[in-house]
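A.B. asks: Have a look at this one before I ask anything.
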Amino acid sequence: MDRRTMWPRARAVGAVVAAVALGVVIGGGGPAVAQNGAKGGGKATFEEIDVQRINVVEPHGKPRLVLTNKVRSPAAVVDGVDLGNAGQRAGMIFYNAEGDEAGGMGVDSSVVDGKPGAGGQLAFDQYKQDQTLVLRYAEDQGRRGVGLTVQDRPDTPLSGMFEEYTKIQQMPPGPERDQAMAELEKKYPSPKRAFFGKNPDKSVGLTLADGKGKPRIVVRVDEKGDPQIQFLDARGKVTRTIKG
């Protein structure tokens, strides 16, 4: 259940693009005034606007894109089920034709005890499921990683899994809850199948995994430039290594 929680603060450039598409903008200080005087519809042009959230919707009202700050960000929704995360992510959220969340884009940063952390990602969700293709950057205390991840998701919609997940989350912390969560993850596996990018040890590489998420081929070039290819069995044992 790794719904996105990192998104960027809405900026004026993105807001203007969305505003032109909408023709209607509401800011913290009341309705904005378009240069051409358009009100309540049609097309409006703005030089600059300040907004907290913009909703792009279809004529029948279904959302297709939301540009939002953190406080006004909507909850993740699939099949009309509120999956949480409202007010936790700033950025751009995508929706499919049925109004289900389908991905998003954003960045964030923080400093805790003088130690900075930052991250950003562009993600696309499997139909009625969680993210299956993710371009992500993350750093923490000077360790940085960036890459593209491909991940399997179960056929069961998130809306069907959420009730089970919620019940486990409401259990008191301890071994029983940990065991229940492990069983849920086993019931609805989401193995990572491929990763290409830079690792915190400054190596770059490609990892290809089997249907259980076990790495089977690892291609790697370390910081010094030494290349190698490793083949692994289902238990994670290296069966063959090719060095450059």
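The values are calculated or read from the model by the stated rules, or taken from the named source; none is laboratory data. Quick caveat, the model's predicted, so the values are computed rather than measured. So basically every Cβ, Gly included, is an ideal-geometry build from the backbone, and we count neighbours across all protein chains shown.
A.B. asks: Might you let me know whether the range 205-221 holds any residue that is in contact (Cβ under 8 Å) with a residue 24 or more places away in the chain, within 30 Å of Leu158 (Cα to Cα) and surrounded by 13 or more Cβ atoms within 10 Å (Cβ to Cβ)?
C.D. replies: Within the range 205-221, one or more residues are in contact (Cβ under 8 Å) with a residue 24 or more places away in the chain, within 30 Å of Leu158 (Cα to Cα) and surrounded by 13 or more Cβ atoms within 10 Å (Cβ to Cβ).
A.B. asks: Same structure, new question: Among the candidates Val78, Val25, single out the residue that is surrounded by 17 or more Cβ atoms within 10 Å (Cβ to Cβ), modelled with pLDDT under 90 and touching a helix residue (DSSP H, G or I) at 6+ places or on another chain (Cβ under 6 Å).
C.D. replies: Result of the check over Val78, Val25: Val25.
A.B. asks: In the range 74-99, how many residues are out of contact with any Leu (no Cβ under 9 Å at 6 or more places or on another chain), closer than 14 Å to Phe124 by Cβ and assigned to a strand (DSSP E or B)?
C.D. replies: 0
A.B. asks: Moving on. Does the range 127-139 contain any residue that is part of a helix (DSSP H, G or I) and in contact with an Asp or Glu (Cβ under 8 Å, 6 or more places away or on another chain)?
C.D. replies: No, the conditions are met nowhere in the range 127-139.
A.B. asks: Can you name every one of the strands (runs of 3 or more DSSP E) wholly within the range 158-244 that holds 2 or more residues which are in contact with a Ser or Thr (Cβ under 8 Å, 6 or more places away or on another chain) and more than 26 Å from Asp125 (Cβ to Cβ)?
C.D. replies: 215-221, 227-232
A.B. asks: Return the residues of the range 155-183 that are under 21 Å from the mean Cα position of the chain (by Cα) and under 27 Å from Gly211 (Cβ atoms); say none if nothing qualifies.
C.D. replies: Residues satisfying the conditions are Asp155, Thr156, Pro157, Leu158, Ser159, Gly160, Met161, Phe162, Tyr165.
A.B. asks: Hey, another quick one. Looking at Arg240, Arg220, Arg216 in this structure, which one is modelled with pLDDT of 95 or more, of a type in the set (Lys, Arg) and more than 28 Å from Gln131 (Cα to Cα)?
C.D. replies: Arg240
A.B. asks: Turning to a different aspect of this structure: Just to be sure, is Asn55 in the same structural domain as Ala182 (by TED's automatic domain parsing), modelled with pLDDT of 65 or more, among the polar types (S, T, N, Q) and in contact with a strand residue (DSSP E or B) (Cβ under 9 Å, 6 or more places away or on another chain)?
C.D. replies: Criteria met by Asn55.
A.B. asks: Does Ala102 count as in a strand (DSSP E or B), surrounded by fewer than 20 Cβ atoms within 10 Å (Cβ to Cβ) and either of a type in the set (Ser, Thr, Tyr) or in the same structural domain as Val150 (by TED's automatic domain parsing) (or both)?
C.D. replies: No.
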